[in-house]
1. Please compute the per residue accessible area over the chain with all protein chains in place, 1.4 Å probe, rounded to a whole number of Å².
2. With only Lys, Arg, Asp and Glu charged, each at its Cβ (+1 for the first two, -1 for the last two), find how big the charge dipole of region 57-172 is about the Cα centre; round to the nearest 20 debye.
3. Can you give the Rg to Rh ratio for region 258-343, taking only C-alpha atoms and Rh from Kirkwood?
4. Dipole of the chain (Lys/Arg Cβ +1, Asp/Glu Cβ -1, origin at the Cα centre): which of Gln338, Val128, Ala65 lies farthest to the positive side?
5. Say R0 is 56 Å: what FRET efficiency, to the nearest 0.05, do Glu144 and His309 get from their beta-carbon distance?
6. Along the Cα-to-C-beta direction of Ile317, a point sits 7 Å from the Cα; which residues of region 51-78 have their amide N less than 20 Å from that point?
7. Roughly what would the spin-label model give for Asp341 and Arg327, points 7 Å off Cα along C-beta, in nm?
8. For His276 paired with Ser298, estimate the spin-label separation in nm (one decimal), with each label point 7 Å from Cα along the Cα-to-Cβ line.
Amino acid sequence: MKDDNEILAARNCFPYEHIKTDNPSFSELQDNPVAFFCSEYGLEQKLPIYAGGLGVLAGDFVLTAGEMDLPLVAIGLMYNKGFPAYGKEDQELNPQDGGFSILKNDEGREIILDIEAGDDVIYARVWVRAYNSAHVFLLDTDIERNPKEYRAISHYLYSTDFPTKLLQDFMLGVGGVKLLRCLDIQPKIYHANEGHASFVMMALAVEYMHDNPDITSLHEAIKIVKRNIVGTKHTILSGAGLHFDRETLMGIVDKYLKRHGVRFEDFFVYGADKAHGEDIFSTTKLLITGSARANAVSLLHATFEKRDHPHSKLLAITNGVCVSRWRAPEWGDRGIGQLTDKD
């Protein structure tokens, strides 16, 4: 049964000071943090909610920000059955095993977000963990108040059911932006890590139009909000991002957009990928068109992007890692050149 008080608290964007968790205070996130959106995070061995390099890199990104005392809020999804390749398909993961706790209000009750999708509302609770100044929030739809098709959003990373995968990307962007708004966290920069996170652009534009009623054009709103959005594209392979047909995409986002006075066709053009067909929408295309600037993950990657896509403007920023979790503690602070053969 729905708890109207909990849902109302989320819908009305409760004040930040009324939020508490079992983790240290995240008051530092009030000071214009970077908001990082990614579909997977490789942070804890007991919480395999990542598939490979993208998640491991995202984990290193979070851990390094925490070590550098940089204010970062990372948004993702909780996959309660993980990634099938790393376990049994019937496994049940517990976020608490990875040090996460439920986000609660000042009365100690868990906060439930309500996110519009199609004709319905999808509910999500939130798991949170602090890594020093970096905080990770994972949205979880596998709760009783959702029907089974929406609970499945939080079952498997990269669901093989295409509508469910679209809903995962939608929840990451739209649900993540709503969470930030409800926590009264106002990021200085929004970083979308790969096309899976690209719906953050749509959500920010819609929120901007809501806050500025004189802005009635989605194109004008996107032009304004994209100044604070950056993106990372990880590969030239088309399989990294998702391609949806017009009808599938419309079923999820059309009514959400209409409720906010936005025409579906105005949004569709930002992800239209005519190279794959007249009615095909690419989340990677949305990532590029909705960002002020985007980067490749190495000089070689940027070079090949330019070769295959002559108009590419990807900046070359080479992937880094969180040294402290990859280097054996026995090395201390010595570089490789200072190690003896015995070392």
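1. Each residue of the chain exposes 48 Å² on average to a 1.4 Å probe.
2. Working: 10 positive and 20 negative charges, 33 e Å.
Using only the charged Cβ atoms, the result is roughly 160 debye.
3. Details: Rg = 21.5 Å, Rh = 17.0 Å.
Taking Rh as the inverse mean 1/r over Cα pairs, Rg/Rh reads 1.26.
4. Farthest towards the positive end: Gln338.
5. 0.75
6. Residues 53-76 fall inside that zone.
7. 2.4
8. With each label placed 7 Å out from Cα toward Cβ, I get 2.4 nm.
The values are calculated or read from the model by the stated rules, or taken from the named source; none is laboratory data. Since the structure is predicted, the reported quantities are computational estimates derived from the model, not experimental observations. FYI the Cβ positions are ideal-geometry reconstructions off the backbone, even for glycines, and counts take in every protein chain you see. Please note that ligands, DNA and RNA were not included when accessible areas were found on the heavy atoms of the full protein model with its side chains. Shrake-Rupley method; radii C 1.70, N 1.55, O 1.52, S 1.80 Å.
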